[in-house]
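Scroll down for the structure; my scribbles are underneath it.
The values are calculated or read from the model by the stated rules, or taken from the named source; none is laboratory data. This structure is a prediction, so every number in the text was calculated from the model and none was measured. Each accessible area value is taken on the protein alone, full model and side chains, heavy atoms only, with ligands, DNA and RNA left out. Shrake-Rupley method; radii C 1.70, N 1.55, O 1.52, S 1.80 Å.
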Amino acid sequence: MTLPSDQQLINAALAASQHAYMPYSKYRVGAALLTVSGAVYGGCNIESVSFTPTVCAERTAVFKAVSEGQREFAAIAVVTRDAGSPCGVCRQMMYEFAPDMRVILADLDGKSRLVTTLRELLPHGFGPMNLDNLS
């Protein structure tokens with residue numbers, strides 16, 4: 001099995017960003033989440049006028065993948081106008097499943113600006129392993 005390249009993931013995130021619903025912030029975000037099995041799940045940000053129910057592109061992609069039985073992730077590409085980094089809530093949600101996954105940040109022109117890991121974005125993260133020692 002050949003896994004998609006970083007640029008292919010960025011392109012999938014760009015395609016997902018076209019479905020963003022962002023009438024309030026005007027900040028378009030797309031994500032493409034790569035599973036260990038090679039499947040790719042796209043996500044976009046979806047806003048609400050009351051903001052609290054708003055969901056980010058990264059979490060949309062994670063929720064889609066998990067709802068279809070996927071639990072192991074290898075990488076995620078996130079595109080925004082300024083190659084913005086995932087918010088803290090998204091970092092925590094992704095950490096739940098894949099603390100060591102690659103994170104590719106790109107702009108809306110498809111240019112990769114940063115390739116890092118989730119663990120670098122969320123050092124000393126809290127995950128399921130923290131609960132393993134509870135009786």
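Before moving on, here are some points about what is shown:
- Centre separation in Å (Cα based) which lies between region 77-97 and region 36-66: 10 Å
- P(r) weight above 16 Å for region 3-45, C-alpha pairs, percent: 35 percent
- Per residue, region 1-120 exposes 49 Å² of accessible surface when a 1.4 Å probe is rolled over the protein heavy atoms with every protein chain present.
- The Rg/Rh ratio of region 83-134, with Rg taken over Cα atoms and Rh as the Kirkwood radius over Cα pairs, comes to 1.07.
- Each residue was assigned an accessible area with a 1.4 Å probe, and for Arg81 the value is about 140 Å².
- The 1.4 Å probe gives accessible areas that order Glu96, Glu58, largest first, as Glu96, Glu58.
- Approximate shape of the chain as ellipsoid semi-axes (Cα gyration tensor, √5λ), whole Å, largest first: 23, 18, 14
- Note on region 26-101: with neighbouring protein chains present and a 1.4 Å probe, carbon and sulfur make up 56 percent of its accessible heavy-atom surface.
- For the chain, modelled as a GNM whose springs connect Cα atoms under 10 angstrom apart, the maximal fluctuation among Val40, Val55, Val103 occurs at Val55.
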